[in-house]
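A quick write-up on the structure given underneath.
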Amino acid sequence: MAWKLKKTVVLVGMMGAGKTAVGKALAAKLGVPFLDSDAEIVAAANMEIAEIFSRDGEPFFRDKESQVIERLLSAEPCVLSTGGGAFLAERNRAMIADKGVAVCLNADLQLLWNRVKHKDTRPLLRTEDPFATLSEIYETRAPIYAMADLRVGVQPNYSIEMTRDKVVEALGTRPDVLEVPK
């Protein structure tokens, strides 16, 4: 018997937590599609997220993000990676709770910084002091991410596969979400 995913697994958490990498590995293991809400927004808008932020502003982006998440949650169960800010919106949390399961990839601030400090693809970190900005975002968002249905710790010494297996283990506690092969 194969894995049977009954609800979409929505990966939430900070930028740099590994939502995309772990999500792809998880989808491959479970034999379901992997979707990324940010990639879907980029494809629909035909421009990068940083461009959308600068041209139309964050509120416009967040509205589009909610529309995309709603559409993706209405499709067949899959693994869905969301942008770091997606879970902050009450509307998105309600949609995810209704149609999926939120899994927070929980990484500490230093690990996140090590992963994002050399990347120029994070519009929210384009500030005078990106580490201070990341710290503020982390402090603000941590209590909201704590509302996720399941939380999986991300460790610096974990491979993508090890983190994926921790997510599978957590999902295994939810028979309403994942039927584990016997």
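The values are calculated or read from the model by the stated rules, or taken from the named source; none is laboratory data. As the structure is a computational prediction, the values presented were derived from the model and not from experiment. Quick reminder, even Gly has a Cβ in these numbers, built from the backbone with ideal geometry, and neighbours come from all protein chains shown.
For residues in the stretch 73-87 being modelled with pLDDT of 95 or more and in a helix (DSSP H, G or I), which is farthest from ALA17 (Cα to Cα)?
LEU73
Do we have LYS29 as surrounded by fewer than 21 Cβ atoms within 10 Å (Cβ to Cβ) and either in contact with a strand residue (DSSP E or B) (Cβ under 9 Å, 6 or more places away or on another chain) or modelled with pLDDT under 95 (or both) here?
no
I need the full set of residues from the stretch 118-165 which are modelled with pLDDT under 90 and acidic (Asp, Glu), in order please.
Residues satisfying the conditions are ASP120, GLU128, ASP129.
Select from the stretch 1-44 the residues that are among the small types (Gly, Ala, Ser) and closer than 20 Å to TYR138 by Cβ and list them in ascending order.
Result: GLY13, GLY16, ALA17, GLY18, ALA21.
Being outside any helix (DSSP H, G or I) and touching a strand residue (DSSP E or B) at 6+ places or on another chain (Cβ under 9 Å) is the filter; apply it to the stretch 33-47 and report the residue that is modelled with the lowest pLDDT.
Residue satisfying both the conditions and the ranking: ASP36.
From ARG71, ARG55, which residue is free of Cβ contacts under 8 Å to residues at least 40 places away in the same chain, under 23 Å from LYS119 (Cα atoms) and not hydrophobic (A, V, I, L, M, F, W, C)?
Just one listed residue meets the conditions, ARG55.
I'd like the full set of residues that are at pLDDT 95 or above, assigned to a helix (DSSP H, G or I) and among the aliphatic types (A, V, I, L, M), limited to the stretch 89-117.
ALA94, MET95, ILE96, ALA97
Of the residues that make up the stretch 146-160, is at least one in a helix (DSSP H, G or I) and under 21 Å from GLU76 (Cα atoms)?
no
Checking the condition in contact with a helix residue (DSSP H, G or I) (Cβ under 6 Å, 6 or more places away or on another chain), of a type outside the set (Ser, Thr, Tyr) and buried (at least 18 other Cβ atoms within 10 Å of the Cβ), which residue from GLY83, GLY23 passes?
From the options GLY83, GLY23, the qualifying one is GLY83.
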